[in-house]
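Reviewing the structure listed below.
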Amino acid sequence: MDNNVETQTRVPRDFESLRSIIIERKNAMPKRLAQVAAFALGNPDEIAFGTTASIATAAEVQPSTLVRLAHHLGYEGFSDLQSIFRERLRDRTLSYEERLVTLERSGVENEEATILSGFLSAASQSVNKLAATIETDTFAKAVDVLAAAETIYLIAKRRSYPLTAHMTYAFSKLNIRHQIVASPNGIDGEITRFATEKDAAIAASFSPYAADSLAQAQDLAARNVPVIAITDSAFSPLTACADYWFEVAEADFAGFRSLSASMALIMAFPVAIAERRRKAATKADKTKME
């Protein structure tokens, strides 16, 4: 078979296939191509949104290297390769009806078992990836900030809302003063105005980012209220206003994203905060006795 024809048949047209091909070929790639390929997999949103110049600068390569990578993988040019990353974003924002139609068209025989297995697999992948990438030092520093806060404001909308709903339950059980920013009568902005520099906030938002969550987090940061962010990319607008932030890349099944890794992370915060405060109180009591 002609090499060009073989290359064309192997050109991946979806993100997961592209990711597999890059991982498969990474050891055989020239150093610079491997460098930009690793950057692309680690920063897919930057590849989707950026220009050739901005991506090259961020990846610390020449713009021509992006074109070379595209050709190496069998694409006509960098814009052709970039379209795969943009399509990934489109798939992540499909309507729920569209996702169900896509699942129906897959034609699997045991649909129920496949759905269950798919979600369990996505949850497992998400948690394993977070466990491998999270910086425990950053988590400890975030706990320092939150444990010292008088009131912890909880900000999340839409798909992220279950995270703050669970933290509200956990904080209440652990006697940690908090305020969920989710008013039914539309006064979220007024609620956050009560926050001071003695307080702190946890804000969660994933692409496509909730405008209200971003505005509230930015407003708090502008008033010197510490913000801890949970989001899905280093290029998320939340990272710019956060004192500490955590990147949680949730896997999906049939376009439905998991919340498993994010939930594991936010379950750890209340317990860690309560333990930090308990130790501080015990230490204070011992000092008084001495």
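Observations, loosely collected:
- Residue in segment 101-118 that is at pLDDT below 85, closer than 24 Å to SER207 by Cα and loosely packed, with under 15 Cβ neighbours inside 10 Å present: yes
- Residues in segment 139-151 that are within 11 Å of ALA201 (Cα to Cα) and free of Cβ contacts under 8 Å to residues at least 60 places away in the same chain were compared, and the one that is least open to solvent (accessible area, probe 1.4 Å) is THR151.
- Every test in (1) in contact with a strand residue (DSSP E or B) (Cβ under 7 Å, 6 or more places away or on another chain); (2) free of Cβ contacts under 8 Å to residues at least 60 places away in the same chain is passed by ALA204 save one, and that test is (2).
- Test for ALA28: is it modelled with pLDDT of 85 or more and either open to solvent by 80 Å² or more (accessible area, probe 1.4 Å) or out of contact with any His (no Cβ under 8 Å at 6 or more places or on another chain) (or both): yes
- In segment 161-180, the residues that are among the charged types (D, E, K, R) form Cβ pairs under 6 Å with partners that are at pLDDT 95 or above, at six or more places apart or across chains, as follows: ARG177/THR151.
- The helices (runs of 4 or more DSSP H) found wholly in segment 24-94 and carrying at least 2 residues that are in contact (Cβ under 8 Å) with a residue 40 or more places away in the chain and under 24 Å from the mean Cα position of the chain (by Cα) occupy 44-49, 78-92.
Residue-by-condition table, conditions (1) part of a helix (DSSP H, G or I); (2) over 12 Å from ALA274 (Cα atoms); (3) open to solvent by less than 30 Å² (accessible area, probe 1.4 Å); (4) not polar (S, T, N, Q):
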| site | (1), (2), (3), (4) |
| --- | --- |
| ASP137 | yes, yes, no, yes |
| ALA165 | yes, yes, no, yes |
| THR168 | yes, yes, no, no |
| SER172 | yes, no, no, no |
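- Residues in segment 63-99 that are charged (D, E, K, R), at pLDDT below 90 and more than 16 Å from ASN43 (Cβ to Cβ): GLU87, ARG90, ASP91, GLU97, GLU98, ARG99.
- ARG158 satisfies every condition listed in (1) open to solvent by 30 Å² or more (accessible area, probe 1.4 Å); (2) touching an Asp or Glu at 6+ places or on another chain (Cβ under 6 Å) except (2).
The values are calculated or read from the model by the stated rules, or taken from the named source; none is laboratory data. As the structure is a prediction and not an experimental result, all values here were calculated from the model. All Cβ positions, glycine included, derive from the backbone under ideal geometry; neighbour counts span all protein chains shown. Ligands, DNA and RNA are excluded from the accessible area calculation, which covers all protein heavy atoms including side chains. Shrake-Rupley method; radii C 1.70, N 1.55, O 1.52, S 1.80 Å.
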